[in-house]
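Everything on this sheet refers to the single structure shown next.
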Amino acid sequence: MKTDFFTDFENKIKRFNSAENKQIVREKNESQLLQEKINSHQKAFEDEVVKKFNFYKNPVSKEIEEDEISIVKAYKLFISLKELNTKCGDEKNFISFDGFTSPLLTREIYINGDNFIYLKLWFIYVNGAKDFVPVLEKADDKAKIKFVPFERYEFNFDEKEVLSVIQKYKLI
């Protein structure tokens, strides 16, 4: 004599065997749900990084083009001053400069946002200036751009995260 339990089980097996798309559905445990959430956040972060970097790689606005021109002009001024010091100066007589001002320093996305990372990475890897790295310094409600030798510059955590995504998606 079959019990209801066995009959139900036998019917489920028959349905499973006759089904076209055979998959056993298992409930996800807490660890799997957490991993899915982490993966989702990482994917959203990567999508945002790719989008922002592409704004600099292929400028979509006049403002970004002007910012790229401004950082290149500051770099050229910096290189010119270094060359002038080399040609005309010596250990006792030289030009001392404490940074450059630029129209891009009036924009919130650089002063209080993270967009300077993208401009910096564009400058190094797309523009091709790999001898010096532009650094944004803020003090006393004023901002300035300095240039640090590439071999002495250490990328911070945020810059490393953005750079790794850019490299992962082969944008540089």
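Where in segment 81-172 are there helices (runs of 4 or more DSSP H), lying fully within it, with 3 or more residues that are of a type in the set (A, V, I, L, M, F, W, C)? Walk me through it before giving the result.
On the way: elements: 108-111, 115-121, 157-168.
Where helices (runs of 4 or more DSSP H) fall fully within segment 81-172 and carry at least 3 residues being of a type in the set (A, V, I, L, M, F, W, C), they are 115-121, 157-168.
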Selection from segment 76-92 of residues open to solvent by 90 Å² or more (accessible area, probe 1.4 Å) and at pLDDT below 90 yields E91, K92
Sort through F94, F147, F78, F55 and tell me the only one that's free of Cβ contacts under 8 Å to residues at least 24 places away in the same chain and aromatic (F, W, Y). F94
Please state which one of A143, A129, A139 is over 16 Å from V162 (Cα atoms), small (G, A, S) and under 20 Å from the mean Cα position of the chain (by Cα). A129
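Does V72 qualify as being under 24 Å from I166 (Cβ atoms) and either assigned to a helix (DSSP H, G or I) or polar (S, T, N, Q) (or both)? Working first, answer last.
Values: under 24 Å from I166 (Cβ atoms): yes; either assigned to a helix (DSSP H, G or I) or polar (S, T, N, Q) (or both): yes.
Yes.
Could you please let me know if K73 is within 30 Å of D98 (Cβ to Cβ), more than 15 Å from the chain's Cα centre (by Cα) and open to solvent by 100 Å² or more (accessible area, probe 1.4 Å)? Walk me through it before giving the result.
Details: within 30 Å of D98 (Cβ to Cβ): yes; more than 15 Å from the chain's Cα centre (by Cα): yes; open to solvent by 100 Å² or more (accessible area, probe 1.4 Å): yes.
Taking the combined requirement at face value, the residue satisfies it.
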When (1) surrounded by 15 or more Cβ atoms within 10 Å (Cβ to Cβ); (2) of a type in the set (V, I, T); (3) in contact (Cβ under 8 Å) with a residue 40 or more places away in the chain are applied to I172, the one that fails is (1)
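The values are calculated or read from the model by the stated rules, or taken from the named source; none is laboratory data. What you are looking at is a predicted structure, and each value in this text was computed from that prediction instead of being measured. Counting neighbours? That spans all protein chains shown, and the Cβs are built from the backbone with ideal geometry, glycine included. Quick note on the areas: whole protein, heavy atoms, side chains included, nothing else; ligands and nucleic acids left out. Shrake-Rupley method; radii C 1.70, N 1.55, O 1.52, S 1.80 Å.
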